[in-house]
There are 2 protein chains.
Amino acid sequence: MQRIMNNPDDIVDEMLKGFLKAHSDIVEGTENPRVVKAKNIPEGKVGVVTGGGSGHKPAFIGYVGENMCDAAAVGEICSSPTAAAFLDGFKVADQGKGVACLYGNYSGDNMNVKMAVKMAKRQGITVKTVVANDDVASAPKDQREKRRGVAGEVLMWKVGGAKAAKGGSLDEVIAAAQKAIDNTRSVGIGLTPCTLPAVGHPNFEIKDGTMEVGIGHHGEPGIEVCELEDAHHMAKRMVDIVLPDYPFVEGDEVVVLVSGLGATPVMELYVLYDEIDQLLKEKGIKTHKAYVGNYFTSLEMMGATLTIMKLDDELKELIDMPAKSMGLKQ
Amino acid sequence: MQRIMNNPDDIVDEMLKGFLKAHSDIVEGTENPRVVKAKNIPEGKVGVVTGGGSGHKPAFIGYVGENMCDAAAVGEICSSPTAAAFLDGFKVADQGKGVACLYGNYSGDNMNVKMAVKMAKRQGITVKTVVANDDVASAPKDQREKRRGVAGEVLMWKVGGAKAAKGGSLDEVIAAAQKAIDNTRSVGIGLTPCTLPAVGHPNFEIKDGTMEVGIGHHGEPGIEVCELEDAHHMAKRMVDIVLPDYPFVEGDEVVVLVSGLGATPVMELYVLYDEIDQLLKEKGIKTHKAYVGNYFTSLEMMGATLTIMKLDDELKELIDMPAKSMGLKQ
C-alpha cells in the first residue's frame, strides 16, 4: 500500500488540518473538529448542510463555500459522520430560518441524520432533509428509495446552495434540491478497487481486463461484470443505463457531470466525455453545461461516473450561479 | 491496463475534443488541432504561450485562460509538441506586442521552441522565452541549466499570465516569469510508476514499500530510492531538499504548492501539506498562499511534489490576481 500518511487512525483528522489551512479563504473549523463551515456565511439565509464519510474528495467538505453548503459533517473513511457531528453542523449553519440537510442515501447517514434532526428540533432548530438517490444501478426504478446517492449530490448541493443564497425559504430550498435530485440519474463503472488505509488491502476485486458496471463508491456490487470495453462502448453503456431511467428524451436540456473515481487520469475522462457528448447529440439532448473532472471519488479507485440532470428554468438559473468552494468554482 | 480509451494512438486528439467541449467558456480550438487558445483574449496585450507533452493534466492546456496563458501547444503523451504547434501557438497569441513562451526544460521542448522562435522571427513575431528549471533533484545547484521544469511551472504561468494581463511589456512579462521560476524550487517523491497507454506496461519500477525521492514527471530517476516513510518524514525529506537549495530562510514569505502525481488520493495531499506547513512554521517561513491538489500530474503515478516560491511585492500581487482556467480558478 503506497500511501502518504502517518498513523492510519489519524488520517481524517490530519487531512482536515491540512484542508483548513490550505483553504482558509473559503472554510474554517468549528468547535467540533469533525464539522467544517464556510467562512463568512451571509446573514439571514437558510442553512445548507451535508456530510458523509471521508475518502471521496472533493466530497463532502470540498463543497462547503460561497453559494454552496454552509457546513459539512465529516466521518471516518467510507463511514457516516456521527449524529453529534450532523447536529453541530446544523447549529453552525442555522440562523433561525432553518436548515436544509442534503445528503446521500446510505444507512449510516440516514440513521445519524434522523437522530440529529430530532435533537435539533428539541433545541429549536428546524431541519428538513433531501436524500440523494441518483445511482440507477443500485436498485430498480420502482424501488428508488433504496438507491444510493452518488455524484448527483454535487448538483443537488449546487442547486440547494444557490437557492439558499438567493434568499429562498427552507421549503423553497428543500423543493429545489429535491427537484435537482429527482431530475438526476447516475451510473458508475469501476476499473480497479481501492484500499482503506487502515485495512491495507483492497476489500473487493476487479480483475484486470474486466470492468464492473454500476459499482458503488464503496465497492458496492454493480449490476454486471464484463470485459473491459473501449471508451466508445463504455460511454454507450452508461448512456443506455442513465437515459431510459428518468427518461431523458429529445429536446431535453441537461447538465452532464463526468467524474473520475480517483486514479483514472483526467485525460481519459475527457475521452469518455467526448463519446458521451456525441451520443447525447445523436439523441437530440442538449448539454447546457458540463463538469468533467474528479468531483466525487473513492480514494484510488479507477473508473468513472456519469451523471445527467434535466434542467428547467429554475434549475438552469441555480446551476449557472457563481460558486466558490474547493471542489467547485465558477 | 485498466484505462478508458479507444485506440491509444487517438487518445490525445480525443481528449482535446472532450476538453474543448467541456470548457467552451474558457478555451477554444484553433486551425491547428494541437493548439488550444483562450477564449476572448483581451486586446493589445503581450501573448503568453506554453506547451508540453500530454498526460500531465491540468498541465498544460488546463492553464490556458483568463490572466493565465493565452495558448498552449499540445504534444503526444510525455512527448514535446512539434515546432509547428509552438509556432501556431505564437501566432494565435501575438497581437504585435510579442509573445512570452514559458515552458519546461526538456530536450524536445527546448529544440522545438528554439525552431519555432526562429520561424516566428521570420514572420515578424518577437518571441522571448523562460525555461522552467525548478526541480532541485534533477541536477546539482551549479548546473541549474540542466534541471527539469516541474510543478513550479504553474506558478511561472500564473505570474507571467498576470503580468501580461496587467499590460506589462514583453520584457516585463519575461522578467516577472523569470523571477518567478528563479525564486522557485521543487522536489517530487514517486510511490508507483505509470503506464503509457500505447505501451501497456510501466516503463519504470517503484517497488512496493519503497519510494523514489526526486523522481521526474516521466519517471526520470531520482536521487535516492528508500523505504516508504510516513507523511511526517516524507514532508521533512522534501522540505530539507527544497529549502537549502534556494535557500529559503526565516522571515521569507512564500507560496507553497503540493501537487499529487495523479493517483494519490487528495486527502493524503492534505496530510502531507499539514506536515509541510508545520515544518515551515518551525523555521519561521510564512506561507502567504497554498495550493494543494492535482496541479501537475503524470497519468496514474502515485506520489506528490512540493514546490515553494519566495515572494516579493510584485510576485505577491501577481499571484493574488484572479485567474480563470480549468486547472486554476481564483
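The values are calculated or read from the model by the stated rules, or taken from the named source; none is laboratory data. Note that this is a predicted model, so its numbers are computed, not measured. As a convention, Cβ positions derive from the backbone with ideal geometry for all residues, glycine included, and neighbour counts pool all protein chains shown. To get the accessible areas, we keep the full protein, side chains included, count just its heavy atoms, and leave off ligands, DNA and RNA. Shrake-Rupley method; radii C 1.70, N 1.55, O 1.52, S 1.80 Å.
A few points about this structure:
- Computed with every protein chain present, the accessible area of A:C101 is close to 0 Å² [probe 1.4 Å].
- The mean number of Cβ atoms from other chains found within 10 Å of a Cβ in peptide A:295-302 is 3, as a whole number.
- Where both bridge residues fall in chain A, DSSP classifies roughly 55% of the beta bridges as antiparallel.
- Size descriptor, Kirkwood hydrodynamic radius, that averages inverse alpha-carbon separations across chain A, Å: 19.6
- When A:D230, B:D277 are compared by accessible surface with a 1.4 Å probe, the order from highest to lowest is A:D230, B:D277.
- If both residues of a DSSP beta bridge must be in region A:10-181, then about 30% of such bridges are antiparallel.
- When the Cα positions of B:M234, A:L299, B:F296 are compared along the charge dipole of the protein assembly as shown, B:F296 comes out farthest toward the positive end, with charges on each C-beta of Lys, Arg, Asp and Glu.
- When all protein chains stay in place and ligands, DNA and RNA are ignored, the 1.4 Å accessible-area order of B:V292, A:V92, largest first, is A:V92, B:V292.
- Structural descriptor for chain B: relative contact order 18 percent, calculated from alpha carbon pairs under 8 angstrom and at least 6 residues apart.
- Among the GluC sites (Glu not before Pro) in region B:1-109, those located in a DSSP loop and surrounded by at most 11 other Cβ atoms within 10 Å of their own Cβ are B:E31, B:E43.
- Ascending list, in nanometres, of distances separating the A:K166 label from those of the other copies (7 Å, Cα toward Cβ): 3.8
- Exceeding the 27 Å Cα-Cα cut-off - candidates A:K179/B:K17; A:K45/A:K114; A:K91/B:K286; B:K118/B:K141; A:K57/A:K207: A:K179/B:K17; A:K91/B:K286; B:K118/B:K141
- When the protein assembly as shown is described by a simple charge dipole with +1 on each Lys and Arg Cβ and -1 on each Asp and Glu Cβ, the residue from B:H217, A:G29, A:Y103 located farthest towards its positive end is A:G29.
- Number of partner chain Cβ atoms within 10 Å, mean per residue of A:258-265: 6
- Taking every protein chain into account, the accessible area of the protein assembly as shown amounts to 34 square angstrom per residue (probe 1.4 Å).
- Area of A:H201 that stays accessible when all protein chains are in place (1.4 Å probe, Å², to 10): 110
- Exam field: B:K286 pseudo-label spacings to other copies (7 Å along Cα-Cβ), nanometres: 5.2
- In a reduced charge model with +1 at each Lys and Arg Cβ and -1 at each Asp and Glu Cβ, chain A shows a dipole moment near 1100 debye about its Cα centre.
- Averaged over the residues of B:20-27, the number of partner chain Cβ atoms lying within 10 Å of the residue Cβ comes to 4.
- Sorted shortest first, the distances from the A:D10 label point to those of the same residue in the other copies are 5.1 nm; each point sits 7 Å from Cα along Cα-to-Cβ.
- Only Lys, Arg (+1) and Asp, Glu (-1) charged, at Cβ; the protein assembly as shown dipole about Cα centre in debye: 1420
- Just checking the listed ones, B:G18, B:G108, B:G222: in the Gaussian network model of chain B with Cα springs under 10 Å, the one fluctuating most is B:G18.
- Size of electric dipole in region A:10-181: Cβ of Lys, Arg +1 and of Asp, Glu -1, about Cα centre, debye, nearest 20: 480
- Full-stretch length increase - B:D312, B:E172 - with 0.36 nm per residue and alpha-carbon distance subtracted: 48.9 nm
- Note on B:I174: accessible area is roughly 30 Å² with a 1.4 Å probe, heavy atoms of protein only.
- Gap separating the Cα centres of region B:40-115 and region A:67-115, nearest whole Å: 45
- Buried between B and A is an accessible area of approximately 4600 Å², summed over both sides with a 1.4 Å probe.
- Spatially, region A:191-208 and region B:285-330 are offset by 31 Å when compared through their Cα centroids.
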